[in-house]
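Values quoted throughout were computed directly from the atomic coordinates according to the rules given, and no laboratory measurement underlies them. All values derive from a computational prediction rather than experimental measurement. FYI the Cβ positions are ideal-geometry reconstructions off the backbone, even for glycines, and counts take in every protein chain you see.
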Amino acid sequence: MQNAIEFQNVCKRYPEFYLDNLSLQLPQGQIMGLVGVNGAGKSTTMRLLMGLIQPDSGSVSVLGCKLPAQQVAVKAQIGYASDDMRMYKNETLRWHMGFIQSVYGNWDSRYAEHLLTVFDLKADQKTKGFSHGQRVKAGLLLVLARRPKLVVLDEPTTGLDPVAREEVLTELAEILRNEERSVLFSSHNTQDVEQLSDTISFLHKGKLLDSQDKEIYLDRWRRVLCTGISNAAALSLPGLVRAKQNGSLCELVFNRNPEHAVARLNELGAQISSVEPMSLEKIFVAAVKSGVHV
Amino acid sequence: MNHGLNTPLIKILIAKDWHIQRKNIAIYMVGGLLALSFISGGEWQFFMGTTLLISALIGLGNHQITSSIVNERKEHTLPFIMSLPVTPMDYLVAKLIANMSLFIVPWLIVCAATLVVFWITPIPNGFIPLTVIIGVYLFLCYCVSWSVGMISESEAVVIFTMVFTNCLIGPIMYTVTRFSSISSHIAAAEAVWSIEAVGAIVIQAVIILLALASAFYWQARKKTFL
């Protein structure tokens with residue numbers, strides 16, 4: 001299967017930030033959620049994808065084209081929306097729709113009208129009167145109605161109220177039904193990533209901590225509660241990411257081979273009270289705090 | 001690196017800038033033509049009209065650079081434009097053509113109207129070389145501020161450049177009129193194009209070309225556009 005996105009050993013240095021040897025692939029038709037705290041490198045990664053930044057070393061390919069050299073061909077097939085993107089405030093949404101339509105031959109007017117209704121947007125309103133939620137939805141409309149092969153969304157749901165968030169996620173889920181369309185989106189909101197993604201990638205301080213199929217990834221992580229361990233901090237077990245002790249109760253987080261870890265704990269005389277799967281949010285926090293690279 | 005320009009999209013971006021700037025242009029054009037109506041009314045009207053005219057052209061240039069280049073970054077519409085199938089060089093070319101045409105068209109109309117006023121009124125035509133030198137200087141101010149805007153991407157630096165270049169209008173007028181070959185013919189019935197007058201225009205043209213070329217040079221070297 002061809003990769004929609006391919007980063008190979010990409011490095012980019014800024015005075016306060018270093019994107020360290022990023023290698024990442026997104027197979028065509030897949031949805032990748034890019035997770036990381038502020039300053040992790042998500043936006044830099046997306047700007048590299050749009051050819052707006054030249055890497056210091058390494059290579060970036062999108063839809064089979066090298067960046068930034070072939071950025072015009074690439075951007076003709078990408079729909080990109082970011083949190084820091086604004087429309088012209090004195091123009092109406094209708095004007096913006098006409099403007100984008102003049103650029104993209106694939107513009108789907110019927111779908112655009114459908115999105116206007118679904119997102120409850122007024123096309124003839126000047127965008128300076130839009131709320132944050134309306135602005136995000138209008139931006140998505142302009143991206144989705146051009147029917148791109150690759151959708152790149154930087155924080156699409158940040159700052160949205162629950163209703164607007166639900167509308168956006170539903171429409172995203174709808175466009176993701178197209179098996180040829182690939183999506184890369186970043187979010188602080190791990191629930192959104194968990195809901196939509198096929199693949200999860202963690203960025204932290206410019207490094208890719210992990211990138212894997214969501215189901216396999218979630219299945220790997222376990223939280224084990226047990227008693228009978230005198231010094232949890234001194235435990236040395238394969239895949240142990242974090243160990244916390246509160247009196248006699250130990251909380252252990254494993255990122256691989258949980259069955260093996262449980263068996264080993266039993267051998268050490270621990271009484272296991274629970275072995276729980278973890279939400280992406282809990283995994284995210286544990287991974288970031290421990291700086292785990294798998 | 002692909003050096004071909006995306007001409008169809010450049011045209012769309014130029015049309016977009018014309019559309020967005022249309023009201024500003026109309027306002028400054030009306031201001032400029034209003035100033036012209038004063039010029040032939042008498043001595044004080046001449047000075048008032050000239051001051052208004054220069055102010056209108058300075059205002060047009062500064063307003064345009066601020067709203068078209070500085071605000072595009074400040075108000076985050078640049079990421080919207082750069083998400084389109086366009087390279088930073090396409091963007092620069094589109095901005096060059098859009099901004100230059102947006103300034104040159106009203107600038108030419110006002111300059112031409114000024115010359116017509118000189119020809120059809122008792123104001124001596126000897127003023128024409130000085131007027132053209134100042135007119136070209138206003139264009140130079142615009143081009144230098146434009147290039148600084150594209151290179152520096154900084155609002156503060158652009159504003160400083162605008163203020164600095166516009167403050168030089170007085171000293172430039174003073175310096176030019178120190179040349180007797182220019183000042184001695186100001187009251188003449190016909191325009192006299194001395195070597196100094198032509199030289200002043202040529203030097204300004206060279207500075208304009210250098211300023212624009214430096215914008216292209218820096219744009220080609222940029223590794224981070226946003």
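Report ³J(HN,Hα) in whole Hz for each residue of segment A:70-82, in order, from the Karplus equation J = 6.51 cos²θ - 1.76 cosθ + 1.60 where θ = phi - 60°; Gly and Pro get x.
9, 5, 5, 5, 5, 5, 5, 10, 10, x, 10, 9, 10
To the nearest Å, what is the center-to-center distance of segment A:18-54 and segment B:1-65, using C-alpha atoms only?
Segment A:18-54 and segment B:1-65 have Cα centres spaced 42 Å from each other.
Under a point spin-label approximation (7 Å from Cα along Cα-to-Cβ), what is the residue B:216-residue A:281 distance to one decimal in nm?
5.5
Provide the per-residue ³J(HN,Hα) series for segment B:202-207, in order, calculated from phi with Karplus coefficients 6.51, -1.76, 1.60 and θ = phi - 60°, each as a whole number of Hz, with x at glycine and proline positions.
In residue order, the calculated couplings are 5, 4, 5, 4, 5, 4 Hz.
Would you mind counting up the charge near residue B:9? Only other residues with Cβ under 15 Å from its Cβ, with Lys and Arg at +1 and Asp and Glu at -1.
+3
Amide H neighbours of residue A:207 under 5 Å, counting only residues 5+ apart in sequence or on other chains, H built in-plane at 1.01 Å?
Placed amide hydrogens put A:20 under 5 Å from residue A:207.
Please identify the chymotrypsin sites (Phe, Trp or Tyr not before Pro) of segment A:202-237 that satisfy two criteria: DSSP loop assignment and at most 13 other Cβ atoms within 10 Å. Which are they?
none
Let's test the formula: R0 of 30 Å, r as the Cβ-Cβ distance of residue A:123 and residue A:2. What FRET efficiency results, to the nearest 0.05?
0.25
Expressed as a fraction of 2.2 N^0.38 Å, the rule-of-thumb size for a compact globular protein of N residues, what is the C-alpha radius of gyration of the protein assembly as shown?
1.29
In this model, which of A:89/A:122; A:149/B:16; A:89/B:23; A:66/A:149; A:128/A:149 are farther than 21 Å apart at the alpha-carbon?
Long pairs (Cα-Cα over 21 Å): A:149/B:16; A:128/A:149.
Which of rounded, prolate, oblate describes segment A:222-277, given a ≥ b ≥ c as roots of the alpha-carbon gyration tensor eigenvalues and a/c under 1.5 marking rounded, otherwise prolate only if a/b is larger than b/c?
Rounded, since a/c falls under 1.5.
Could you tell me which residue out of A:39, A:266, A:278 lies farthest along the dipole of chain A toward its positive end? Charges go on the beta carbon: Lys and Arg +1, Asp and Glu -1, centred on the Cα centre.
A:39
Residue-wise, which Karplus ³J(HN,Hα) couplings in Hz belong to segment A:8-23, taking 6.51 cos²θ - 1.76 cosθ + 1.60, θ = phi - 60°, and x for glycine or proline?
Coupling constants for segment A:8-23: 10, 6, 7, 10, 8, 10, 10, x, 10, 8, 9, 7, 9, 6, 6, 10 Hz.
Please identify, among B:98, B:26, B:211, the residue showing maximal mean-square fluctuation in a Gaussian network model of chain B using a 10 angstrom Cα cutoff.
Ranking B:98, B:26, B:211 by mean-square fluctuation puts B:26 first.
Which of A:224, A:60, A:35 ends up with the largest GNM mean-square fluctuation for chain A, with Cα atoms connected below 10 Å?
Greatest mean-square fluctuation among the candidates belongs to A:224.
So how do A:63-70, A:181-188 stack up, highest first, on mean other-Cβ count within 10 Å?
Peptide ranking by packing, descending: A:181-188, A:63-70.
Using 0.36 nm per residue, how much length does the chain from residue B:152 to residue B:123 gain when fully extended, once their Cα-Cα distance is taken away?
In short, 6.2 nm is gained.
When all C-alpha to C-alpha distances in chain A are sorted into bins of 5 Å, what percent of pairs does each bin hold, rounded to whole numbers?
Taking all Cα pairs of chain A, the binned fractions are 1, 5, 11, 14, 15, 13, 12, 9, 7, 5, 3, 2, 1, 0, 0 percent.
With springs connecting C-alpha atoms under 10 Å apart, model chain B as a Gaussian network and identify which of B:77, B:177, B:161 has the largest mean-square fluctuation.
With Cα springs under 10 Å in chain B, the top fluctuation among B:77, B:177, B:161 is at B:77.
Among B:98, B:66, B:87, which residue has its Cα furthest toward the positive end of the charge dipole of chain B, with +1 on Lys/Arg Cβ and -1 on Asp/Glu Cβ?
Of the candidates, B:87 comes out farthest on the positive side.
Given charges of +1 on the Cβ of Lys and Arg and -1 on the Cβ of Asp and Glu, with all other atoms neutral, how large is the dipole of the protein assembly as shown about its Cα centre, in debye to the nearest 20?
420
Place +1 on the Cβ of every Lys and Arg and -1 on the Cβ of every Asp and Glu in segment B:7-221, take the dipole about the Cα centre, and give the residue among B:122, B:188, B:57 whose Cα lies farthest towards its positive end.
Result: B:57, furthest along the dipole toward the positive end.
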